[in-house]
1. Can D163 be described as buried (at least 24 other Cβ atoms within 10 Å of the Cβ) and charged (D, E, K, R)?
2. Could you tell me which of the residues L34, L55, L38 is within 30 Å of L181 (Cα to Cα) and at pLDDT 80 or above?
3. Filter the range 249-306 for residues that are modelled with pLDDT of 85 or more and polar (S, T, N, Q); which is surrounded by the most Cβ atoms within 10 Å (Cβ to Cβ)?
4. Would you confirm whether any residue within the range 76-95 is on the phi < 0 side of the Ramachandran plot, assigned to a helix (DSSP H, G or I), modelled with pLDDT under 90 and loosely packed, with under 11 Cβ neighbours inside 10 Å?
5. Suppose we filter L199, L231, L245 for residues that are of a type outside the set (S, T, N, Q) and closer than 19 Å to F136 by Cα; which single one remains?
6. Could you say whether any residue in the range 184-202 is part of a loop (DSSP other than H, G, I, E, B) and either over 25 Å from E223 (Cβ atoms) or aliphatic (A, V, I, L, M) (or both)?
7. Can you work out which of the residues in the range 170-183 that are touching a helix residue (DSSP H, G or I) at 6+ places or on another chain (Cβ under 9 Å) and not in a helix (DSSP H, G or I) is surrounded by the fewest Cβ atoms within 10 Å (Cβ to Cβ)?
Amino acid sequence: MINDIISALSKKDHYALAMHAAELAQSDNGASCLSPSLARNAGFDVDYLDLIQYLSGGAIQESPEIQNLRRILLIEKGYEKCGHFFKARLAEFNHIMPDKKGLTGYGHDRLYAHIAHDSTLSEEHIIEIMRQESRFIFFHGMARPSYKELLYFEKVRKVVESDSVLDYCSDNADLGLYCALRGHNVTIAHMDGILLEGLRKRFALRKCRADLLAINAQLPFPEMAFNSFNLIFANDSLLNTTDPLLLLEEFRTALKRNGLLILSRYPFQTTPHGLSADSAARRKTITDYIAKHFAPTSIPEIFKKI
């Protein structure tokens, strides 16, 4: 198993890394299995930070801001003294989505298989695939806390009104949850069924609530009221749709004047791993639309509605 961890690190296969780490954590055999030097050279930045800290026994130096974000988001108690926050998030995942069969496979292996056999996926097909993999999507979100995006939010929340927030299709709604805990009005949009219900439970555990927008084959782009949000957060969502410009137009319509759009990762910083076909032309079309209808901010992935 340790060899599997090292192999996943060397390949930067974060899906396999998360699965192997979870297996070790559940058997209580993973703490400090990596040397500090190997952990520091893993190159994941704040991605999978809790996971790497668990495997390396807390070898990565963290900023006080990250520690504060973790304390606010954490619900499961008992691991703080030894720093095993990865185990805490796994415990929350298992509480919200119990399944005696456990997690089998890496989820995205099956997604890739769909892509290989069908290069012209319909919106309805994409949604059905994601619904089938709801437990894996939520698990992966718990394995990779959205610390980078939360740091973005911390930079803008004091200077921009953000009382109404939409968290659109992020794996585990970390940003939406953080905003709710800060007293903002939050809406969560995601695949209906297991995943959306799991996110509702996550909020309920902390005695806070969010409005829910269900996405399904009949309603692939949920209706968002005109001028209704100060901030919309979308993490890779443009990659997992056949019509990213339509989704961007929905976001632009739903944002209030001077509202902010956080487009985390795609199409700017991530290697494509979603369901839709990706190309330089597709990315240029998206970035051209953003340049026309939004103004850049001091943070590369945050844009202000014009």
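The values are calculated or read from the model by the stated rules, or taken from the named source; none is laboratory data. All values reported here derive from a predicted model rather than from experimental measurement. Here Cβ is always computed from backbone atoms with ideal geometry, including for glycine, and neighbour counts include all displayed protein chains.
1. Spelling it out, it is not the case that D163 is buried (at least 24 other Cβ atoms within 10 Å of the Cβ) and charged (D, E, K, R).
2. Exactly one of L34, L55, L38 is within 30 Å of L181 (Cα to Cα) and at pLDDT 80 or above, namely L55.
3. S264
4. no
5. Just one listed residue meets the conditions, L199.
6. No, the conditions are met nowhere in the range 184-202.
7. The selected residue is R182.
Okay, residues lined up against (1) under 29 Å from H20 (Cβ atoms); (2) in the same structural domain as N68 (by TED's automatic domain parsing); (3) modelled with pLDDT of 95 or more; (4) among the aromatic types (F, W, Y):
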{"site": "E154", "(1), (2), (3), (4)": "no, no, no, no"}
{"site": "V159", "(1), (2), (3), (4)": "no, no, no, no"}
{"site": "V165", "(1), (2), (3), (4)": "no, no, yes, no"}
{"site": "L177", "(1), (2), (3), (4)": "yes, no, yes, no"}
{"site": "G183", "(1), (2), (3), (4)": "no, no, no, no"}
